[in-house]
2 protein chains.
Amino acid sequence: MGLADLDQQQLDALAAGTTQAYAELQERGLSLDLTRGKPSAAQLDLSDELLTLPGAGRSRAADGTDVRNYGGQKGLPEIRAIFAELLGVEVDQLLAGDNSSLSLMHDTISWAVLHGVPGGDGPWFGRGVKFICPVPGYDRHFSILSSLGIEMVPVALGEHGPDVAEIAALVAADESIKGIWVVPTYANPTGAVYDEATTRALLEMPAAPDFRVFWDNAYALHHLTDTEHPPLDVLGLAEQAGHPDRVLVFASTSKISYAGAGVSFLASSPANLTWYLDHAAKRSIGPDKLNHLRHALWFRDADGVRRVMRRHRELLEPKFALVRAELERRLGGLGIASWTEPEGGYFVSLDVPDGTASRVVALARAAGIALTPAGASFPGGHDPRDRNIRIAPSFPPEAELAVAMEGLTTCVLLAALEQQGVVEV
Amino acid sequence: MGLADLDQQQLDALAAGTTQAYAELQERGLSLDLTRGKPSAAQLDLSDELLTLPGAGRSRAADGTDVRNYGGQKGLPEIRAIFAELLGVEVDQLLAGDNSSLSLMHDTISWAVLHGVPGGDGPWFGRGVKFICPVPGYDRHFSILSSLGIEMVPVALGEHGPDVAEIAALVAADESIKGIWVVPTYANPTGAVYDEATTRALLEMPAAPDFRVFWDNAYALHHLTDTEHPPLDVLGLAEQAGHPDRVLVFASTSKISYAGAGVSFLASSPANLTWYLDHAAKRSIGPDKLNHLRHALWFRDADGVRRVMRRHRELLEPKFALVRAELERRLGGLGIASWTEPEGGYFVSLDVPDGTASRVVALARAAGIALTPAGASFPGGHDPRDRNIRIAPSFPPEAELAVAMEGLTTCVLLAALEQQGVVEV
């Protein structure tokens, strides 16, 4: 029975129970953290062969390059070959970088601002550049833009991507729109998976020659079910669409090997890669190829990566099941909340009654449960409906996660009852 | 006897001998490389314990942080403590980064262009910013500036630094001058060591509040003699001078551990570090702390680094001695060339007769000896006197180096004789 269907007596009983539950929650003196999509220690342990690799006397690439020395701007061919297969791109189109794909995204956008991109008419600096930002989305994507003074134009993200007709209309009306963020597979935070039709439409729509799709395939291999959504051949589709330079593909092993010591990847058209490498050469004499070699030796081949990902799934799936079960058990049928059931990735996106997300986060914090700030998944940290909360179940052990979810659902319920005036704030 | 003192008969004999020597050189079909300051394989071998570190089951910092996971923007405290001692800065003032200090320099300048720096009045973009560039200097420093459209103002580099009175006059006359490159210890390529008086003068001179000294102490620990020039307390001196935010200190283990897989460092004032960290947080969720841990375990403490540096010296000193001996033997007393005798670092700076450096490099290339392009040590690759050649002796084995030096000196002599009309071009 939904909250709206309860009579006053039932409401009062629910209010009393919830207030009591929250008081007990506060008394427990918890210190739990559901804020970030960090792998757990058990997940990191899966790749602990890296702690002794490449091994004594082993410092040569297959082509004889001494990976300890300078050079190799494109990254180690061995690791590029493995991830080219996994990401569905040509080895020649894929570069391997240091430990952070966020850095690659930051640098490409910074360099677009400072220098412009192929096909464009110069630096984006001071020209009122805007980006389309499907929401809810990834807060660190938005932070890069706001730090560079790039205005964000939010559009709603559906289950298979945003409405491209809406985007095409925006882009047609405003040529200062130069980019869009896309997390195509198991999007942060909703778990959306871009389908081919949406992707083709994004690549085909008319746009400025320096319009770029920042295709952050952070969770390309991070399946949670047997429905393993394969990566789209987005570079091939862009070429077919007549816009070969439109897409920059990003990926990393941050949630495959180590979050802080993995390998990042950039794939794109020849023109974009030449542009990237030209600027990267000003910045360094090459990425950490020794870490590339470690990873190539550890994974061996694409199947080695797939094996690791299955073990990640074994560790993550129960946590996502627990989140879903707890949401269903405590909030199911009340008509006050909805949540995503992602088939991969790192997050569950929870929508609570409009206007209560900030209150839920504050109530949880007061009870020792840290949540990502309400609104974090929106440009400027501003969720216009103040309803979205991102749940990151990966890091805490299951026992802690269960306590945190019970606490969170209590806070959701309490905030809803407060909003209805059944509980005094 | 100098070339100028020879009579025609002696000159003809020298010309015949040199032409003959060059012809023989060409016949040898050499392929030698003196271009870059790369460590040799034997130098890299010194740190090969890194190939198996941190070791099985070892992934925690002293403070319990799991170095495999995200976070730790300032870098691992252990490695920062070791290098704070070596560089003569406070641990709190020192950050550890990824494998390239060039990247830290590139990023700080890029962020100054995009955002401005503390004390300044906004981004440097589009404002005709200029840098003082002591010459000869490091070509990659100049490449960063030219890629960002920053104009370079060359000033002559003396044995103990540039003439600060000249710089102060330039800076006083032009407030768009916002920075200076300094390689304070064993400068690339001359081996100059900035003394305290020059440094104090640089820090005390009136300049714009957003004027910055980019203090690239790349060779701080890279002594080649028992005269070990210690690092100056440049941050303390800047504070004493009333300009605490004027200096950004850079260093790395690129020529201590591995050139491609080491650790970089940035030291500066609290205001500058806060500024740096604020922008770095947009770029990544932290540097590779696992590589920091590897290095901390390998070095153990500052003395561990000093021990490695003594072994580098053992490998490098004979090569520098060979270069010097060969220059002396073939060119000494002829009055056509002068060269530096560095007490540390990676280079020997050779001055040949004005107008012949490009010819020397071309002659050498035609004989299979690759030298850094003439002019590379000057902004825009333009040596106004076309006389400077940078010799990088570290990488080739001694036998190859001896052949390369014999060939190089033959080319110097041949170009000088051509210039005098004694040998036909």
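The values are calculated or read from the model by the stated rules, or taken from the named source; none is laboratory data. Small disclaimer: the values here were computed from a predicted structure and weren't measured. Positions of Cβ are generated from backbone atoms using ideal geometry, with glycine treated the same way; all protein chains shown enter the neighbour counts. The area values use the complete protein model at the heavy-atom level, side chains included, leaving out ligands, DNA and RNA. Shrake-Rupley method; radii C 1.70, N 1.55, O 1.52, S 1.80 Å.
For the reader, a short list of remarks on this structure follows.
- Residue ID - farthest from the other protein chains (Cβ to nearest Cβ), chosen from residues in the range A:121-141 that are assigned to a loop (DSSP other than H, G, I, E, B) and under 20 Å from the mean Cα position of the chain (by Cα): A:136
- Subset tally (residues that are in contact (Cβ under 8 Å) with a residue 24 or more places away in the chain, open to solvent by 10 Å² or more (accessible area, probe 1.4 Å) and of a type in the set (Lys, Arg)) for the range B:260-299: 1
- Leading residue by the ranking (farthest from residue A:75 (Cα to Cα)) among those in the range A:271-299 that are more than 13 Å from every other protein chain (Cβ to nearest Cβ) and more than 26 Å from the chain's Cα centre (by Cα): A:271
- Of residues in the range B:58-95 being of a type in the set (Asp, Glu) and closer than 23 Å to residue B:312 by Cβ, the one farthest from the other protein chains (Cβ to nearest Cβ): B:85
- Contact annotation: residue pairs with Cβ atoms under 7 Å, 6 or more positions apart or on different chains, pairing a residue in the range B:394-412 that is β-branched (Val, Ile, Thr) with a partner that is modelled with pLDDT under 95 and not in a loop (DSSP other than H, G, I, E, B), are B:403/B:32.
- Looking only at the range B:229-253, and only at residues there that are in contact with a Gly (Cβ under 8 Å, 6 or more places away or on another chain) and open to solvent by 10 Å² or more (accessible area, probe 1.4 Å), the one that is farthest from residue B:313 (Cα to Cα): B:245
- If the condition is being of a type in the set (Gly, Ala, Ser), touching a residue at least 60 places away in the same chain (Cβ under 8 Å) and within 14 Å of another protein chain (Cβ to nearest Cβ), then the range B:9-57 contributes B:37, B:40, B:42, B:47, B:55.
- Per-region count, the range A:195-213, residues open to solvent by 10 Å² or more (accessible area, probe 1.4 Å) and under 21 Å from the mean Cα position of the chain (by Cα): 3
- Within the range A:158-179, not a single residue is hydrophobic (A, V, I, L, M, F, W, C), buried (at least 18 other Cβ atoms within 10 Å of the Cβ) and within 21 Å of residue A:373 (Cα to Cα).
- At least 2 residues being touching a Lys or Arg at 6+ places or on another chain (Cβ under 6 Å) is the threshold, and among the strands (runs of 3 or more DSSP E) wholly inside the range B:144-224 those reaching it are B:151-158, B:177-182.
- Residue match in the range A:388-407 (condition: open to solvent by 20 Å² or more (accessible area, probe 1.4 Å), of a type in the set (Lys, Arg) and within 24 Å of residue A:139 (Cβ to Cβ)): no
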